[in-house]
Amino acid sequence: RAPGRGVGKEIDGGAGFYLHLEPGASIVAGGLWMPPRHSLNKVRDHLAGDYRAFTRIVAAPEFRRRFGGLTDDEPGVKLKRMPRGFSEDHPAADWLRFNSFTVSREYTDAQMLGPNLLDRAMQDYRRMLPLCRWLNVALGYPPARRR
């Protein structure tokens, strides 16, 4: 699937959640997908200084079991080399190469049409919430309790 024209350019916002319903290809997802350069730079700068907290979130056993890790199988989502301004041996080198910070889980057609869809999706979104909160703090959005 090709991204829309505005992705990575003029469409901007915080991390959030997504539900895609398509026969044979349904998913629940969350995070920050292909942000514009200024937002991506904010996330990378924050990541360079707070990589331990980020790593605790995305490397947590339950998180990895459920989502496998950050989505990196789409073209352009992960750089082959380090972005400018970051050294190859930075402790967060693997994360700094990402252009997009999302996770997802595939749902079967039966799961999407079943009576437990809402509960199942909400459980997955709860598991994604620490990642979305971390990303939104990196972007400068205050935590919800302060809004």
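The values are calculated or read from the model by the stated rules, or taken from the named source; none is laboratory data. Computed from a predicted model, the values in this text were never measured in an experiment. Please note: Cβ atoms are built from the backbone with ideal geometry, for glycine as well, and neighbour counts cover all protein chains shown. The protein model used for the area step is the full one, side chains on, heavy atoms only, and it has no ligands, DNA or RNA in it. Shrake-Rupley method; radii C 1.70, N 1.55, O 1.52, S 1.80 Å.
The charge dipole of the range 44-88, taken about its Cα centre with unit charges on the Cβ of Lys, Arg, Asp and Glu (plus for the first two, minus for the last two), comes to roughly 80 debye.
Using alpha carbons only, the radius of gyration of the range 68-147 set against its Kirkwood radius gives Rg/Rh = 1.07.
Per residue, the solvent-accessible area of the range 44-142 (1.4 Å probe, heavy atoms of protein chains only, all protein chains present) comes to 59 Å². Estimated from helical segments only, the mean residue ellipticity of the chain at 222 nm is -11500 deg cm²/dmol, where each DSSP H run of four or more residues counts as -39500 (n - 2.57). Positive end of the dipole of the chain (Cβ unit charges, origin at the Cα centre): among Pro36, Pro143, Leu79, the Cα lying farthest that way belongs to Pro143.
With only Lys, Arg, Asp and Glu charged, each at its Cβ (+1 for the first two, -1 for the last two), find how big the charge dipole of the range 84-147 is about the Cα centre; round to the nearest 20 debye. Let's see the in-between values first.
Values: 10 positive and 7 negative charges, 101 e Å.
Using Cβ point charges on Lys, Arg, Asp and Glu, the range 84-147 gives about 480 debye.
Solvent-accessible area assigned to carbon and sulfur over the chain amounts to 52 percent, based on a 1.4 Å probe.
In what sequence, largest accessible area first, do Arg52, Arg81 appear using a 1.4 Å probe?
Arg81, Arg52
A Cβ-based charge dipole, computed about the Cα centre of the chain with Lys and Arg at +1 and Asp and Glu at -1, lands at about 460 debye.
Size estimate for the range 25-94 follows the Kirkwood approach: the inverse of mean 1/r over distinct Cα pairs works out to 13.7 Å.
Only Cα sites of the chain enter the Debye sum here, all with the same form factor; the resulting log10 I(q)/I(0) across q = 0.09, 0.10, 0.12, 0.16 1/Å is -0.29, -0.36, -0.51, -0.91, listed in q order.
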